[in-house]
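Scroll down for the structure; my scribbles are underneath it.
The values are calculated or read from the model by the stated rules, or taken from the named source; none is laboratory data. Keep in mind the model is a prediction, meaning the values are calculated, not measured. Using ideal geometry, Cβ is built from the backbone for each residue, glycine included, and neighbour counts are taken over all protein chains shown.
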C-alpha cells in the first residue's frame, strides 16, 4: 500500500512538472538546511528536528542539479542522501514557484529501521523525493514530501546570486 501511494505521489509530481516551464539556465550553488519535519503518524519517538545540512550545485545550462545532504533521520540515525534532481518553474502561475524531483542513494536507515525505506539493504537504499517550493532572489523554501511518512521544510541560500 505504501509503495502504491508513493508511486501515485511521484506520478502526480512528474505529470505536473512535465507541464511546467523550463527552469533558468543560470548556475546555482545552494546551501540547504532543514529545521523541521512533520510526521504524519503521531509517534513521540520520531525525530522532528533533522538538522539537515546540504549543498546543491546546478551547472549553467544543465537540466539537472547535483546535491548531497547530511541529516538525522526519524530514528536519530546519522544519514546521507546524494542525488540528481530537476526543478521546473511554473512561470505562468508565478516566476518563483517550482516543482522538484530528486533521486539517488540514501544511507542511514539501519538495523530495525531498514524496512522504513524501500529497497534498503544494510542501511543503503534508494530514494525518490518530490517537493514543491518558492525561489526569490538568492533564497528558497521548499516542502519536501518524504513518502507516506513525513513532510519536511527546507530553506536554501544560493551563493551565486
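Annotations for the structure displayed:
- Residues that are buried (at least 20 other Cβ atoms within 10 Å of the Cβ), under 25 Å from residue 76 (Cβ atoms) and under 15 Å from the mean Cα position of the chain (by Cα) occur in the stretch 110-119; there is at least one.
- Residues that are within 20 Å of residue 38 (Cβ to Cβ), part of a loop (DSSP other than H, G, I, E, B), modelled with pLDDT of 95 or more and out of contact with any helix residue (DSSP H, G or I) (no Cβ under 6 Å at 6 or more places or on another chain) within the stretch 75-130 comprise 76, 77, 108, listed in sequence order.
- Filter result for residue 60 (free of Cβ contacts under 8 Å to residues at least 40 places away in the same chain and either in a loop (DSSP other than H, G, I, E, B) or over 16 Å from residue 31 (Cβ atoms) (or both)): yes
- Restricting attention to the stretch 43-74, the residues that are out of contact with any strand residue (DSSP E or B) (no Cβ under 7 Å at 6 or more places or on another chain) and at pLDDT 95 or above total 0.
- Lone unmet requirement of (1) more than 24 Å from residue 51 (Cβ to Cβ); (2) surrounded by fewer than 19 Cβ atoms within 10 Å (Cβ to Cβ); (3) under 16 Å from the mean Cα position of the chain (by Cα) for residue 68: (1)
- Flag if residue 33 is under 17 Å from residue 145 (Cα atoms) and either more than 16 Å from the chain's Cα centre (by Cα) or loosely packed, with under 13 Cβ neighbours inside 10 Å (or both): no
- Residue in the stretch 133-146 that is over 20 Å from residue 159 (Cβ atoms), buried (at least 16 other Cβ atoms within 10 Å of the Cβ) and in contact with a helix residue (DSSP H, G or I) (Cβ under 8 Å, 6 or more places away or on another chain) present: yes
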